[in-house]
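J.: I have a structure here, written as structure tokens, and I will follow up with some questions on it.
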Amino acid sequence: MSPEQSDGAPLRLGAGASIHRDSGNACLPDIDPDCTYGPPTLVGEGHLHLDGESGHAAAEGPVVDTGDSFTLGVVVRLAGSEPAHPMTVLSQAGEHTDAFKVRYEPSTHTWQLVLPEKDEAGAHETVVSQVEGADGGEGLGHRLAVTYDDGTDTIRLYLDGETNAEETASLPNGWHSTGALQIGRGRVGDGWGEYLHGDVDEVQAYSGALRDADVLGLGWGTDPCLC
């Protein structure tokens, strides 16, 4: 799902989503006040830009089996430094709620992995998180990853390749979601919401839970070694 990798699954872009590509022309406003500055591309020559209102992208169906071991990775940069509401970067839903949701929660300045225990509206949620300030549209973003090991009933959230006990949860009954992978939005009530304002790149999905050393290889424009 990267512009530089031709064998990725296709995505359908919704209104408010666009592909930003590097023009190759350096812009230095201090030297040329007429140039229009834009943040650098996240990885490689382009990334997905979402407007925070309706912008999103969706796969044709689920890309991981949430009832079995899986790994997901993504690179994301938030456009604002003080988001007004939670914003979801990745989610995959069942009939009534998301099986998982990776989002930024501005009230606690955290990236969160949200896990409803059942495919029911209002189901109890397990949340693991890591504190990190919003990007404010600058820098090269953050590499987020989720691994679920069905053998050990363990799910982990990684931020820039790092995880710890606070970002790890027991998930003994992971349930199978049937909805398409969503980029930039999540289920809210009976509809969609938590639209992300920012840039997204390098959405990578694997069957099986990658090791910590392999997670470090996500988000760099290539597949991890897995050796």
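The values are calculated or read from the model by the stated rules, or taken from the named source; none is laboratory data. All values reported here derive from a predicted model rather than from experimental measurement. Glycine gets a Cβ as well: all are built from the backbone with ideal geometry, and neighbour counts include every protein chain shown. For accessibility, only protein heavy atoms count, side chains too; no ligands or nucleic acids. Shrake-Rupley method; radii C 1.70, N 1.55, O 1.52, S 1.80 Å.
J.: How large is the charge dipole for the range 95-227, taken about the Cα centre, if only the Cβ atoms of Lys, Arg (+1) and Asp, Glu (-1) carry charge, to the nearest 20 debye?
T.: 120
J.: OK, next. Can you give the accessible area of E138, probe radius 1.4 Å, in Å² rounded to 10?
T.: Number for this one is 100 Å².
J.: How high is the relative contact order of the range 142-183? Use alpha-carbon pairs under 8 Å, at least six apart in sequence, and give a whole percent.
T.: Taking the mean separation of contacting Cα pairs over the length of the range 142-183, I get 32 percent.
J.: Something else about it: Going 7 Å from the Cα of V188 along its beta-carbon direction, which residues of the range 54-90 have the amide nitrogen within less than 13 Å of the resulting point?
T.: 54-55, 84-89
J.: Could you tally the net charge around S129, taking each other residue with its Cβ under 14 Å from the Cβ of S129, Lys/Arg +1 and Asp/Glu -1?
T.: Computed value for this residue: -3.
J.: Still on this structure, I have one more. Counting pairs of alpha carbon atoms under 8 Å apart in space and at least six apart in sequence, what relative contact order in percent does the chain give? Walk me through the intermediate numbers first.
T.: On the way: 602 pairs, mean separation 64.5, N = 227.
28 percent.
J.: Kindly provide the helix-only [θ] at 222 nm of the chain, computed as the sum of -39,500 (n - 2.57) over DSSP H runs of four or more divided by all residues, to the nearest 500 deg cm²/dmol?
T.: Computed ellipticity for the chain at 222 nm equals 0 deg cm²/dmol.
J.: If you roll a 1.4 Å probe over the heavy atoms of the protein chains, what accessible area per residue do you get for the chain, in Å²?
T.: Details: 10860 Å² over 227 residues.
Computed with neighbouring chains in place, this is 48 Å² per residue.
J.: Ranked by accessible surface with a 1.4 Å probe, highest first, in what order do W175, W220 come?
T.: W220, W175
J.: Please report the carbon-and-sulfur percent of the accessible area for the range 111-227; probe 1.4 Å, protein heavy atoms only, DNA, RNA and ligands left out.
T.: 48
J.: Normalising by the residue count of the range 64-199, find the relative contact order in percent from Cα pairs under 8 Å and 6+ residues apart.
T.: 34
J.: Moving on. So what does E125 come to for accessible area, using a 1.4 Å probe and Å² rounded to 10?
T.: We get 90 Å² for E125.
J.: Hey, another quick one. Given charges of +1 on the Cβ of Lys and Arg and -1 on the Cβ of Asp and Glu, with all other atoms neutral, how large is the dipole of the chain about its Cα centre, in debye to the nearest 20?
T.: In total the dipole reaches around 260 debye.
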